[in-house]
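The values are calculated or read from the model by the stated rules, or taken from the named source; none is laboratory data. A quick note: this is a predicted structure, and the numbers were derived from the prediction, not measured. Note: ideal-geometry Cβ built from the backbone for every residue, glycine included; neighbour counts use all protein chains shown. Side chains included, ligands, DNA and RNA excluded: accessible areas come from the protein's heavy atoms. Shrake-Rupley method; radii C 1.70, N 1.55, O 1.52, S 1.80 Å.
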Amino acid sequence: MADVFVERSLDEIRFWSRIMKEHSLFLKLGFNCDDTKLINEADRFYSIFEDIENRAHSFSPDIDPQRIYDFNQVVYNAVSHIWAYKRHVLGLIIRCKIGGNNFPLLVDHVSREAAYFRNRLEQLNTGTLDPLPDAVINENVFFLRIMADHAKFINHLLDPSERKLVEQARDFSHDFDQLLFQAQDLDSMRPQSQTQPLLDQFVDQSRVSVRQLRDFKKTARDLIEECRIKSIIPPLLADHVFREASHFLEILDSFEMALTSSKC
């Protein structure tokens, strides 16, 4: 179990610390140039999570689990601070205290991801990870909303003249909104909804849609990098949302394997 704890902790931190680092950069790029305090805070968080990412990659799999427990606590504190920073920024935008180009939904989106990361660290350190039936529903409720948000952001950041891609992004937004509603329905019907057939079917539905969205994001990322489409999407942001879709797909694949093995 110690090996599993170490492996899971390092996997989560390696993935999410890079995400947090990039959030800092994206927020910074969306501020007005005179929002120097917020820009400096974003730079500080970028450095903090870059250091965390580097430290996570420096640990070997056979490291003492106590060191990873302590490291998780350090990361937890850093994530708590960036979450508070993101919520502060959201409040400033909503109350029209600052301008810039950060959508309120984008800032809420990145704060939800920080809250998810913080919760996962707490679960790992307390040994309270969700059992499979709860994990299937909880992860889908969280990530399906993230995927729906991504589709909406892509739709708004593509040039309006990219009519076909805009239409595809709008369709993905609708598809993931519907999947999210289904996941929320399963959530509200718990525990009666947590039957093997229902969870199997829902995971299959999600996997099909997430795979399609991931492939769409990969195509969009490649086209943006090659300057073959018109948008205001930075290449790093395109790669960022592609990695998150790939991560969700890996989670769904693990659910599919776990559900299949539980039938035996």
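Considering only protein heavy atoms, with the full assembly of protein chains and a 1.4 angstrom probe, order TRP83, TRP16 by accessible area, largest first.
TRP83, TRP16
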For the stretch 1-124, the per residue accessible area (1.4 Å probe, Å²) is 50
Could you look at the stretch 138-222 and say what percent of its accessible area is carbon and sulfur, using a 1.4 Å probe and all protein chains?
51
Alpha carbon centre of the stretch 171-240 versus the stretch 126-157: separation in Å?
9
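Rank these by accessible area, largest first, 1.4 Å probe: LEU199, LEU165.
Of LEU199, LEU165, the descending order of accessible area is LEU165, LEU199.
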Excluding ligands, DNA and RNA, the carbon-plus-sulfur percentage of the accessible area of the stretch 27-97 with a 1.4 Å probe reads 51
Which entries in the list LYS21/LYS230; LYS164/LYS230; LYS152/LYS217; LYS86/LYS230; LYS86/LYS218 go over 18 Å, if you measure between the two C-alpha atoms of each?
LYS21/LYS230; LYS86/LYS230; LYS86/LYS218
So what is the relative contact order for the stretch 23-109, in percent, with contacts set as C-alpha pairs under 8 Å and at least six apart?
39
Classify the stretch 75-174 as rounded, prolate or oblate from the Cα gyration tensor: take a ≥ b ≥ c as the square roots of its eigenvalues, call it rounded if a/c is under 1.5, otherwise prolate when a/b beats b/c and oblate if not.
oblate
Quarter of the surface of the C-alpha convex hull for the chain, i.e. direction-averaged projected area in nm², equals 15.3
Loop-exposed trypsin sites (Lys or Arg not before Pro) per DSSP, neighbour cap 15 Cβ within 10 angstrom, longest uninterrupted part of the chain
98-227
Using only the Cα atoms of the stretch 1-117, build the gyration tensor, take square roots of its eigenvalues as a ≥ b ≥ c, and label the shape rounded, prolate or oblate: rounded if a/c is under 1.5, else prolate if a/b is larger than b/c, else oblate.
prolate
Selected from PHE153, ILE98, ILE232, residue furthest toward positive end of dipole (the chain; charges at beta carbon):
ILE98
Show the residues, 5+ positions off or on another chain, whose built amide H is closer than 5 Å to the amide H of SER231.
ASP159
Identify, among VAL75, ASN119, GLN192, the residue whose Cα sits farthest towards the positive end of the charge dipole of the stretch 67-219, taking +1 on the Cβ of Lys and Arg and -1 on the Cβ of Asp and Glu, with the dipole about the Cα centre.
VAL75
Charges only on Cβ, +1 for Lys and Arg, -1 for Asp and Glu: so what's the dipole of the chain about the Cα centre, in debye to the nearest 20?
740
Report, in debye and to the nearest 20, how large the dipole of the stretch 167-264 comes out about its Cα centre when Lys and Arg carry +1 and Asp and Glu carry -1 on their Cβ.
120
Computed over the stretch 207-264, protein heavy atoms only, probe 1.4 angstrom, the accessible area per residue in square angstrom equals 51
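Which of the GluC sites (Glu not before Pro) found in the stretch 157-264 are loop residues per DSSP with 12 or fewer other Cβ atoms within 10 Å of their Cβ?
Working: sites: GLU162, GLU167, GLU225, GLU226, GLU244, GLU250, GLU256; in loops: GLU162, GLU226.
Filter output for the stretch 157-264: GLU226.
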